[in-house]
1. Enter the Cα centre distance for the pair region 545-597 and region 358-433, rounded to the nearest angstrom.
2. Taking Cα pairs under 8 Å and at least six residues apart, what relative contact order does region 472-602 come out at, in percent?
3. Starting from the Cα of Ile400, step 7 Å along the direction of its Cβ; do the same at Leu20; then give the gap between the two resulting points in nm.
4. What is the chain's relative contact order, in percent, from Cα pairs under 8 angstrom and six or more apart in sequence?
5. Once the Cα gyration tensor of the chain is found, what semi-axes does its equivalent ellipsoid get, as square roots of 5 times the eigenvalues, in whole Å, sorted largest first?
6. At a 10 angstrom cut-off on C-beta neighbours, averaged per residue, how do the peptides 170-177, 566-573, 549-556 rank from highest to lowest?
7. Please flag any cysteine in the chain that has no other cysteine's Cβ under 4.7 angstrom from its own Cβ.
8. Mind checking the full-extension length gain between Ala269 and Arg84? Use 0.36 nm per residue of separation minus the Cα-Cα distance, one decimal, nm.
Amino acid sequence: MSFSSRYRAVVYVSLLASFLVVVWGGVVRVTGSGLGCPDWPLCHGQFLPSLDPATRIEWTHRFLAIVSGLTVAAMVVWTIVIYRADRRVLAIALVAAVLYPLQAVLGAITVVLELPPEWVTIHLANAELLLAALTVFAVVVRWPSATGARAPGWTWLAIAAAAGTFVLLVSGAYVRGVNATVACPGWPLCGEPNAPANAIYTTANRLYPTIDFPSTGPAAIAMLHRYIAAGVGLLVIAACVEAWRHRRETAGLGPLAVATAAIFIAQVAIGAANPLSGFSPWALGAHPAAASLLWCSMVALATVASRAASGQRQLVRDLITLTKPAIMSLLLVTALGGMFLAAGGVPPFGILAATLIGGAAASGGASSLNHYFDRDIDERMHRTRHRPLPEHRIPGRLAIGWGIALNLVAFIVLAAFTNLLAASLAIAGTLFYILVYTIWLKRTTVQNIVIGGAAGAIPPLVGWAAITGSLDLSAFLLFAIVFFWTPAHFWALALLIRDDYARAGVPMLPVVKGEEATAWNILAYAGSLLPLSLLLFIAAGLGFLYLVAAIVLGGLFIAYAFRLLRSGEARRRAVARGVYLYSLVYLTLLFVAIMVDSTLRL
């Protein structure tokens, strides 16, 4: 699809306006004007306050944000009205439409809370994500058709360099947020004895607070940012070299490679100029501005490379398929329930984010390993024979490597940002799921899902442990609810695909004992959920909202299971579908009720 010159101009102006907002935000931080307007959305209770220097700087930042918002809104409306048939630009426009108002909300929170470092960092991270979305938009309208070689092998290098640049940006924002910018007066080393080594010790203290490592505080944080910059710099330079080598294969690669390399060199020089110039204001302001420009350039380079790599899009889809996103989503809901209940409300943002990221990685990694070890079964089942491994779209070693890598990420994230117990529980869940359920129980016993279901009941324990660092009766009751829910859920599914399991030789209950026996067992397990959920009400001191939800949801589950038992053979599978779908609704809504009740205390 071709785009009009005016439409392209609006996209470019949106990108420029958002970039100026980020750059001026750096000026706000350098001048200490973040609270020049201490309220929101007004400034000192007025739209046009008296303009002392700090107020003028902060008010200008907000004015630029309004201009940016208007250009983004114009771009989104134009896209929806004129170009909605192009699903690429529509998707990007909708992402921008979400990120901009989120940016306004984060800005308000940051001001109201008086600039805590964590929220300052989150605010900047969201701004950079908006910049990335608009950069991708600009690339798409500049080069509407991706031409060139298929599947260049260096595409993942470009994507990794872009991701690393984002990590570098966020770490830099945190350095500024905790006022560690001037902690290292030297370059490239800190300028203090043993500062580089002590930076590692400080990081170790964050990972393992019970061990006494020496540290240098702000200097350690500043040096850690420099270490990240060195590693990311290698990725950026390598990506630029590869892009230059392939410049004749894909439009845009050559100019972007040169621009990215030049910006990176300038960024290194500005970074060095900060301590060498005694942290002069121009260097302090130019450093984050150049970092954002490097981010935009790197995102553009990665976008052009990935669009040319059309052959790798199926690989991306297959890697996502291996993680079983639907199952992951449900497991994360139960982990959230554990966190909210343990925290008695909304958990701290850092722990919440780390647990979700670590939990998602552990779940995805376990599912990927499950795909590998179940590949022979999947080949014989109609429901699963089109998965990536049965169709040989990806090699088995990639599925194993992907699964192990995700679990390593899960352990590192959870251990670093929550605690070792949460990290160990997540990995224990993966090991139990693969070694006990997938490899052993699933193939040998009719009770496979009863015992194996313990793996799926681990996430609420992870969530609880992430908050408290321990486990108690309420945590184990959450575990029990998911544990007893699992057989009822999976046996309902097994009734639907009984022939598939029989063909694959998997001893699921409907295959071995028959449909009526399965219906009786589903009723028994569904019935056990009501008293378990009421025990949680008593043990955790939950409120009226949860009590009503537990009774209503549990009663409906029993009713669905009883209806399945009473249904004739001709209708049993149709009724089983209703039980299967309701079981998903039950678990989701029960844990949502836990979260809402823990927060509102109704």
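1. Centre-to-centre distance over Cα atoms comes out at 29 Å.
2. Values: 144 pairs, mean separation 41.1, N = 131.
Taking the mean separation of contacting Cα pairs over the length of region 472-602, I get 31 percent.
3. Between Ile400 and Leu20, the label points sit 5.6 nm apart.
4. Values: 884 pairs, mean separation 65.6, N = 602.
Relative CO of the chain lands at 11 percent.
5. On the way: eigenvalues 431, 174, 127 Å².
In descending order, the three semi-axes are 46, 29, 25 Å.
6. Details: 170-177: 20.8, 566-573: 12.5, 549-556: 18.0.
The packing order, highest mean first, is 170-177, 549-556, 566-573.
7. Unpaired cysteines in the chain: Cys240, Cys296.
8. Values: separation 185, 0.36 × 185 = 66.60 nm, distance 4.33 nm.
Roughly 62.3 nm would be gained on extension.
Rule-based calculations on the coordinates, nothing more; no lab input. Predicted, not measured: the structure shown is a model, and the values here were computed from it. Cβ coordinates were reconstructed from backbone atoms using ideal geometry, including for glycine residues, and neighbour counts include every protein chain displayed.
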